[in-house]
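Just so it is clear, none of the values below were taken in a lab; they were calculated from the coordinates. Note that this is a predicted model, so its numbers are computed, not measured. Every residue, glycine among them, receives a Cβ derived from its backbone with ideal geometry; neighbour counts consider all protein chains shown.
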Amino acid sequence: MQESIRQTAATAKQKTTPITPDAAYNEMLSDPKVILVETRDPDNVPQNERTDNVIFVSMETFQAQAALDATERTLDERLTNPDQRIITT
């Protein structure tokens with residue numbers, strides 16, 4: 001049985017380390033290679049709150065991608081590196 005998006009998120013959350021917004025901001029300033037995955041719809045994010053190291057993936061997109069077979073999913077190329085430092089909202 002395929003996990004629901006909520007089950008998948010809960011499983012993933014158990015494997016992550018919490019970070020405060022201030023710590024995330026400082027880390028992104030000190031290391032431009034850090035990527036932030038932003039779950040807000042890009043249309044709802046003002047231009048002055050965007051930066052090059054942000055990948056927008058709305059919750060609707062997450063749900064749609066989770067419903068696909070793994071071979072059919074499309075990811076931002078930057079997310080394919082297992083060693084990439086990623087911060088999520």
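So here's what we get for this one:
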{"read-out": "Two-site FRET efficiency, Asp43 against Ile86, from Cβ-Cβ distance with R₀ of 22 Å, rounded to 0.05", "value": "0.45"}
{"read-out": "Thr51-Arg73 FRET efficiency (beta carbon distance; Förster radius 35 Å; 0.05 resolution)", "value": "0.90"}
{"read-out": "More than 21 angstrom apart: percent of Cα pairs within the stretch 1-84", "value": "38 percent"}
{"read-out": "Phi-based couplings in Hz for the stretch 38-46 (Karplus 6.51, -1.76, 1.60; Gly and Pro marked x)", "value": "9, 8, 6, 5, x, 5, 9, 10, x"}
{"read-out": "Long-range amide H partners of Leu36 with built H, under 5 Å", "value": "Val54, Ile55, Ile87"}
